[in-house]
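Read the figures in this text as sums done on the coordinates, not as results from a lab. The structure presented is a predicted model; accordingly, all values stated were derived computationally and were not measured. Neighbour counts run over all protein chains shown; Cβ positions are idealised from the backbone, glycine included.
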Amino acid sequence: MLRHCELCPRECGVDRLSGETGFCRSTANVKVASAHPHFGEEDVLVGTHGSGTIFLTNCNLRCVFCQNYDISHLGIGYEVSEDELAEMMLKLQRLGCHNINFVTPTHFTPQIVAAIKTAAERGLRVPIVYNCGGYESVKTLRLLDGIIDIYMPDIKYSNSHSAEKYSNAPDYFDVCRQAVKEMHSQVGDLVVDERGIAVRGLIVRHLVMPDDVAGAEEIIKFIAELSKDTYVNIMFQYRPLFKAHEYREINRTVRMSEYRKVVETALKFGLHRGFSVF
């Protein structure tokens, strides 16, 4: 697949095995920015010992407000072999992490799968989390059926104008809907164990943005149609980072009233899991 890369919806077709790079600016060599127990994720992932988070370098989106822009845009990170990636997973498991959480894994999917196989053969048993921006290829996702335990996509926009303007992906919502449907068909609604720790299923994130440039109601409606038992993290932490200051309409934080409006919309459509009501 890396010989003619079509891992993501951009389908650049570059030969990454020969060092060519497409939109994600990645060769066949995996780059990792960091790997550690993370306590800033959803409670169902963090538990008592944290989520074993591995941040992958680069991205198939170009979000102008990205909070991890040094990793996703600037390419901060170091190359690791698939064997080293497997050892990272095993170390995080030994530290007591409840899962292995791959952040922005899309463009390194084949290498990650190879590393998971190696890690599993050496004793990896915790769930695997696919933590992505939602801009995914159904063709690639189908190859992950039975490998990924927990899918955690963003659903950033229903508004194609905003998706193009802020993330360089005008077809974002059409692509994301099909991807999330495939994820849900594989793992279903979120299941937690007796400790309240996620073991399998779908977690959806939606970041509330200023002036509703994302088109939140259509997003919420889609999620509710998928399943009213979907675990949805409606996020309040938008900050005008990276290049957001260049866009007047998103160059501010989100108001509590804007967050409440999205929560009220979720309640109206029958959603009830994962978000806070203030």
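Gain in length, Arg125 to Leu143, computed as 0.36 nm per residue apart minus the alpha-carbon separation, to one decimal in nm?
4.5 nm
Let's see if you can work this out: charge +1 on each Lys and Arg Cβ, -1 on each Asp and Glu Cβ, no other charges. What is the dipole magnitude of the chain about its Cα centre, in debye to the nearest 20?
Taking the Cα centre of the chain as origin, the dipole is about 320 debye.
Quick check: net charge around Cys66, other residues with Cβ under 13 Å of its Cβ, Lys/Arg +1 and Asp/Glu -1?
Surrounding charge for Cys66 is +2.
Listing Ser160, Ser18, Ser72, Ser257 from the residue with the fewest other Cβ atoms within 10 Å to the one with the most, what is the order?
Ranking Ser160, Ser18, Ser72, Ser257 by Cβ neighbours within 10 Å, fewest first, gives Ser257, Ser18, Ser160, Ser72.
Can you sort Ser26, Ser167 from fewest to most other Cβ atoms within 10 Å of each residue's own Cβ?
By the 10 Å Cβ count, ascending: Ser167, Ser26.
When Lys243, Lys117 are ordered from fewest to most other Cβ atoms inside 10 Å of their Cβ, what list results?
With the fewest neighbours first, Lys243, Lys117 line up as Lys117, Lys243.
Using 29 Å as the Cα-Cα cut-off, could you pick out the over-long pairs in Lys31/Lys261; Lys156/Lys243; Lys117/Lys228; Lys181/Lys243?
Lys31/Lys261; Lys117/Lys228; Lys181/Lys243
Which value, in debye to the nearest 20, gives the size of the charge dipole of the range 1-149 about its Cα centre, when Lys and Arg are +1 and Asp and Glu are -1 at the Cβ?
Roughly 120 debye for the range 1-149.
In the Gaussian network model of the chain, springs joining C-alpha atoms below 10 Å, which of Met256, Met89, Met235 carries the largest mean-square fluctuation?
Maximum fluctuation in the GNM of the chain, among the listed residues, is at Met256.
Can you list, by residue number, the Cys in the chain that have no neighbouring cysteine C-beta under 4.7 Å?
Cys with no partner Cβ under 4.7 Å: Cys5, Cys8, Cys12, Cys24, Cys59, Cys97, Cys132, Cys176.
Please list, by residue number, everything in the range 50-72 whose backbone N is under 18 Å from a paramagnetic label point 7 Å out along Cα→Cβ of Glu246.
From the range 50-72, the list is 59-72.
Out of His161, Val103, Gln237, whose Cα points farthest toward the positive end of the dipole of the range 29-268 (charges: +1 Lys, Arg; -1 Asp, Glu; placed on Cβ)?
Sorting the options by dipole projection puts first Gln237.
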